[in-house]
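Below is one structure; the comments refer to it alone.
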Protein chains: 2
Amino acid sequence: MAKKEKDFVKEITPMEEDFSRWYTDVIMKNELVDYSPVKGFMVIRPYGYALWEKIQSYADEKFKETGHKNMYFPLLIPESLLTKEKEHVEGFAPEVAWVTHGGSQELGERLCVRPTSETIICHMYKKWLNSYRDLPYLYNQWCSVVRWEKSTRPFLRTSEFLWQEGHTLHETYEESQEETLKMLNIYKEVAEDLMAMPVVVGQKSEKEKFAGAFATYTMEALMHDGQALQAGTSHNLGQHFTKAFEIKYQGRTGKEEFPFHTSWGISTRLIGGLIMVHSDNRGLVLPPKIAPTQVVIIPIAQKKEGVLEKSNEIFDKIKARGIRVELDDDLGNSTGWKFNQYEMKGYPIRIELGPRDIENNQAVVVRRDKLEKEIISLDNIDETLSEMLDTMQSDLFEKAKAHREAHTYVVTDYEQYKKDLPTKPGFAKMMWCGCRECEDKLKEETGATIRCIPFEQEDLGDKCHICGKEAKHMIYVAKAY
Amino acid sequence: MAKKEKDFVKEITPMEEDFSRWYTDVIMKNELVDYSPVKGFMVIRPYGYALWEKIQSYADEKFKETGHKNMYFPLLIPESLLTKEKEHVEGFAPEVAWVTHGGSQELGERLCVRPTSETIICHMYKKWLNSYRDLPYLYNQWCSVVRWEKSTRPFLRTSEFLWQEGHTLHETYEESQEETLKMLNIYKEVAEDLMAMPVVVGQKSEKEKFAGAFATYTMEALMHDGQALQAGTSHNLGQHFTKAFEIKYQGRTGKEEFPFHTSWGISTRLIGGLIMVHSDNRGLVLPPKIAPTQVVIIPIAQKKEGVLEKSNEIFDKIKARGIRVELDDDLGNSTGWKFNQYEMKGYPIRIELGPRDIENNQAVVVRRDKLEKEIISLDNIDETLSEMLDTMQSDLFEKAKAHREAHTYVVTDYEQYKKDLPTKPGFAKMMWCGCRECEDKLKEETGATIRCIPFEQEDLGDKCHICGKEAKHMIYVAKAY
């Protein structure tokens with residue numbers, strides 16, 4: 001058993017050795033995804049999909065609480081619609097998949113598989129919207145989108161991914177801005193509350209904003225390896241699309257008006273972030289709120305009288321409290337194998353229950369993030385576990401936050417930053433004049449990009465750290481996925 | 001107001017005048033769907049999508065209760081995979097959409113937009129399956145599929161539709177057969193319990209079965225106009241695909257074996273059935289269990305003191321009981337307009353609450369399927385409504401069943417049936433020898449098809465009603481959507 005355990009752990013490449021292989025190993029050993037026969041497209045396997053379902057149901061509930069309804073728009077978009085908004089088509093045309101034949105017939109006009117749905121949704125909104133009384137339009141869709149990618153990585157960048165895209169229309173700019181930030185805030189809750197993944201929120205630079213947006217807002221998370229992940233974006237599209245698509249309505253004064261427009265999305269990419277923020281060399285570490293199974297009971301010496309009975313009794317008690325629990329009484333696998341298996345799968349808590357434990361009215365519990373044995377009483381075990389899960393959730397958040405803070409550097413000298421970056425990956429905070437030249441220079445010289453202009457500005461001096469001219473913004477800079 | 005009401009009702013074509021226009025009117029006036037810029041593709045608007053969400057959550061829960069997990073497979077399937085199972089490619093190739101370009105590059109191999117996912121799923125199952133210990137595979141996916149259709153109709157036949165497709169593998173034929181029928185039975189619950197839509201369950205003929213199946217089972221519902229709707233199918237695929245895709249595993253005796261395979265699906269087509277079974281000339285009639293909103297409260301003379309306050313109090317009380325309730329206190333619309341609006345939308349119950357009602361501690365309630373005013377006490381109104389909703393659900397089911405029975409005919413003479421069919425549309429029960437020639441003749445001469453060989457066989461004689469030879473099966477025959 002000891003040997004087996006060793007072999008087992010060896011299957012995951014340590015992250016210190018090769019972070020990228022560690023990431024892939026954790027994903028493949030856990031059967032979260034697999035590569036499909038079409039390059040760049042992945043299959044999301046049941047354990048990976050279960051994580052997506054948790055994100056979906058959490059976010060969907062928040063969307064509905066804030067008055068949004070779901071709908072579904074066609075997968076295929078005529079080329080002529082895609083090209084209506086100039087910046088948008090320039091941004092997306094190079095990476096779309098084109099349908100040219102339906103059955104045996106060549107189509108009169110090529111159709112693209114949606115890379116995002118602004119264009120077809122605007123086409124329909126034009127048809128539907130009449131009066132200011134119809135506003136706001138608060139709609140969302142859950143679907144997959146296709147963007148032809150040259151190099152891909154499971155969850156982080158794939159040619160097809162699952163996401164939701166919200167598309168709203170408003171009477172005033174102020175309302176659209178409020179909506180844009182409200183949805184970014186819901187995304188922050190998905191990241192921080194559900195996934196225990198701390199994020200920095202702020203605005204994207206002009207260069208990094210969505211193709212066709214007036215302004216893009218983002219949440220950025222820091223991974224174990226010090227690289228950033230753009231984890232969700234919310235766009236104020238202004239009237240760019242509504243004018244291009246001639247979406248008009250009769251305003252309060254009787255005049256024709258163009259509505260203000262937002263769109264916002266999160267995707268299966270979040271699962272990549274979840275892994276790279278919490279997991280370790282033994283495999284996944286899942287925060288309790290998102291874990292498909294929160295507690296696993298492993299009976300020890302289960303053939304001994306009373307062990308299985310007591311295990312089942314405890315299972316029922318825990319389940320009745322609403323905890324997602326499994327009981328593994330499979331005699332085909334050793335206890336050691338089971339310990340390893342559930343550690344790899346990132347189950348938050350395992351309970352070991354043997355004859356002596358039962359005699360002493362206790363159980364051994366092990367939290368996945370600590371891997372230390374604790375003894376707890378069988379009295380009120382459901383309550384104790386419930387508290388442990390809550391504590392673990394907040395501990396993971398604090399741990400990730402501490403990691404981020406330990407890897408966030410205040411830049412005082414740009415030349416020094418360039419030297420330090422290779423050995424000190426992480427977020428760099430610096431001042432920026434706001435010009436594109438400095439942004440391009442930063443990228444070229446360091447490979448890092450402006451992740452965002454955070455809402456929480458700090459005063460780090462009055463000069464741009466790159467060119468020395470007057471500074472406009474404090475920015476977060478990092479290499480990113 | 002009286003005039004407005006009349007105009008309003010006039011907008012829906014009476015079904016007796018033109019059933020097809022009635023159907024489209026009900027859908028379009030209720031904004032359930034809209035036509036998209038790509039022919040044959042529809043947009044599912046929020047009220048339509050809400051119906052699909054109810055079907056989804058009901059079915060998904062049943063799938064999970066019976067041990068199934070969800071996953072997600074790529075949208076695009078290489079042509080070479082599609083062609084691996086001979087009957088399957090013949091069935092689907094004529095109606096698939098082909099992707100030939102990714103970005104600006106022409107692809108080496110054409111990719112089809114999935115019309116159904118057996119082929120790509122089998123390709124992955126081959127990779128994953130090792131041992132009998134891994135079986136059964138009980139997986140499902142929610143997604144959209146594309147089938148290029150020449151003539152389309154909202155919900156019933158569209159070039160893209162939303163559905164779920166279950167794909168399972170089993171050690172023995174018996175297990176796969178049990179699974180096939182278990183899932184058909186879950187579909188029957190979706191239809192009968194959730195949607196109050198009675199169905200006949202049975203087996204499809206060889207001609208009508210799924211391309212590549214060993215046997216297809218179906219549930220068939222009868223619409224208002226006497227036409228049948230295939231509302232869900234479950235296929236025992238035998239080893240057709242597992243052999244074509246070389247899915248092998250090590251069996252209990254150490255020998256390599258091919259697993260037995262099932263697939264099963266229901267789609268947004270069900271919503272078409274829902275409409276054509278329950279709705280009327282005033283618009284939708286929704287069974288309470290599937291209705292997004294079950295009760296609407298309409299305050300009368302709401303500016304009078306205490307009316308809005310009492311309405312809100314009742315709203316809270318009803319909501320607390322878990323009933324999906326709305327309160328329409330919009331002063332911009334007249335009460336009459338509201339009555340019509342919610343009748344058209346098919347809300348199961350409306351409550352009218354005016355000053356005099358409050359004085360008398362009562363409310364006026366109107367059930368959508370009866371349109372008669374009833375007086376109920378405000379004491380325990382939540383309980384009363386809950387019971388009314390239950391009764392309405394079963395009344396709608398019984399009403400639909402009575403309609404089906406009134407339109408189910410026992411054929412004694414085939415020539416007579418041919419003469420009667422144009423004026424007596426509905427299910428015809430008759431005996432069949434089982435041969436393809438009689439099946440083709442029936443279709444050619446009447447336009448009707450064999451809907452199924454029902455599990456509940458009745459003895460209607462020992463001769464085939466079409467050719468007079470020895471009968472093998474009792475069948476249900478009808479014209480179908």
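The values are calculated or read from the model by the stated rules, or taken from the named source; none is laboratory data. Because the structure is a prediction, the values reported are computed rather than measured. As a convention, Cβ positions derive from the backbone with ideal geometry for all residues, glycine included, and neighbour counts pool all protein chains shown.
Taking the conditions exactly as written (more than 10 Å from every other protein chain (Cβ to nearest Cβ), out of contact with any His (no Cβ under 9 Å at 6 or more places or on another chain), under 27 Å from B:Pro94 (Cβ atoms) and not hydroxyl-bearing (Ser, Thr, Tyr)), does A:Glu160 satisfy them or not? No; evaluated as a whole, the condition is false for this residue. Out of the range A:228-268, which residues are part of a helix (DSSP H, G or I), buried (at least 22 other Cβ atoms within 10 Å of the Cβ) and out of contact with any Asp or Glu (no Cβ under 8 Å at 6 or more places or on another chain)? Once the filter is applied, which keeps residues that are part of a helix (DSSP H, G or I), buried (at least 22 other Cβ atoms within 10 Å of the Cβ) and out of contact with any Asp or Glu (no Cβ under 8 Å at 6 or more places or on another chain), the range A:228-268 yields only A:Thr242. Scanning the range A:85-101 for residues that are over 22 Å from B:Glu79 (Cα atoms) and either within 7 Å of chain B (Cβ to nearest Cβ) or surrounded by 17 or more Cβ atoms within 10 Å (Cβ to Cβ) (or both) returns A:Glu85, A:His88, A:Val89, A:Gly91, A:Phe92, A:Ala93, A:Pro94.
None of B:Val277, B:Val285 is touching a Leu at 6+ places or on another chain (Cβ under 9 Å), part of a helix (DSSP H, G or I) and either at positive phi or crowded, with 24+ Cβ neighbours inside 10 Å (or both) except B:Val277. The set of residues in the range B:37-53 that are basic (Lys, Arg) and surrounded by fewer than 19 Cβ atoms within 10 Å (Cβ to Cβ) contains only B:Lys39.
Flag: A:Met183 matches the condition of being in contact (Cβ under 8 Å) with a residue 40 or more places away in the chain, away from every other protein chain (no Cβ under 14 Å) and part of a helix (DSSP H, G or I).
Filtering the range B:419-438 to residues that are over 15 Å from B:Gly468 (Cβ atoms) and either out of contact with any Gly (no Cβ under 6 Å at 6 or more places or on another chain) or basic (Lys, Arg) (or both) leaves B:Lys419, B:Asp420, B:Leu421, B:Pro422, B:Thr423, B:Lys424, B:Phe427, B:Ala428, B:Lys429, B:Arg436. Screening B:Phe155 with (1) part of a helix (DSSP H, G or I); (2) more than 10 Å from chain A (Cβ to nearest Cβ); (3) not hydroxyl-bearing (Ser, Thr, Tyr) gives one miss only, at (1). One residue stands out among those in the range A:141-157 that are within 17 Å of A:Leu82 (Cα to Cα) and in contact with a helix residue (DSSP H, G or I) (Cβ under 9 Å, 6 or more places away or on another chain): the one that is surrounded by the fewest Cβ atoms within 10 Å (Cβ to Cβ), which is A:Arg147. Evaluate the range A:24-43: report whether one residue or more is within 12 Å of chain B (Cβ to nearest Cβ), touching a strand residue (DSSP E or B) at 6+ places or on another chain (Cβ under 6 Å) and assigned to a helix (DSSP H, G or I). No - not one qualifying residue is present in the range A:24-43. Could you tell me whether the range B:128-137 includes any residue that is at pLDDT 95 or above, buried (at least 23 other Cβ atoms within 10 Å of the Cβ) and within 26 Å of the chain's Cα centre (by Cα)? Looking through the range B:128-137, none of the residues is at pLDDT 95 or above, buried (at least 23 other Cβ atoms within 10 Å of the Cβ) and within 26 Å of the chain's Cα centre (by Cα).
A:Ser104 falls short on exactly one of the conditions (1) of a type in the set (S, T, N, Q); (2) within 8 Å of chain B (Cβ to nearest Cβ); (3) in contact with a His (Cβ under 8 Å, 6 or more places away or on another chain), and that condition is (3).
Applying the selection to the range B:119-140, what residues are touching a helix residue (DSSP H, G or I) at 6+ places or on another chain (Cβ under 8 Å), at the interface with chain A (Cβ under 9 Å from one of its Cβ atoms) and either of a type outside the set (A, V, I, L, M, F, W, C) or in a strand (DSSP E or B) (or both)? Listed by number, the residues that qualify are B:His123, B:Tyr139. Taking the range B:411-456 as the region of interest, how many residues are in contact with a Phe, Trp or Tyr (Cβ under 8 Å, 6 or more places away or on another chain) and free of Cβ contacts under 8 Å to residues at least 40 places away in the same chain? Summing the residues that are in contact with a Phe, Trp or Tyr (Cβ under 8 Å, 6 or more places away or on another chain) and free of Cβ contacts under 8 Å to residues at least 40 places away in the same chain in the range B:411-456 gives 3.
Taking the range A:57-79 as the search range and keeping residues that are part of a loop (DSSP other than H, G, I, E, B) and facing chain B (nearest Cβ under 10 Å), which one is surrounded by the most Cβ atoms within 10 Å (Cβ to Cβ)? The qualifying residue surrounded by the most Cβ atoms within 10 Å (Cβ to Cβ) is A:Leu75. Among the residues of the range B:332-388, the one identified as of a type in the set (Ser, Thr, Tyr), part of a loop (DSSP other than H, G, I, E, B) and out of contact with any Ser or Thr (no Cβ under 9 Å at 6 or more places or on another chain) is B:Ser334. Within the range A:262-285, residues that are over 26 Å from A:Phe63 (Cα atoms) reach partners that are in a strand (DSSP E or B) with beta carbons closer than 9 Å, at six or more positions or on different chains, in the pairs A:Met276/A:Ala221; A:Met276/A:Leu229.
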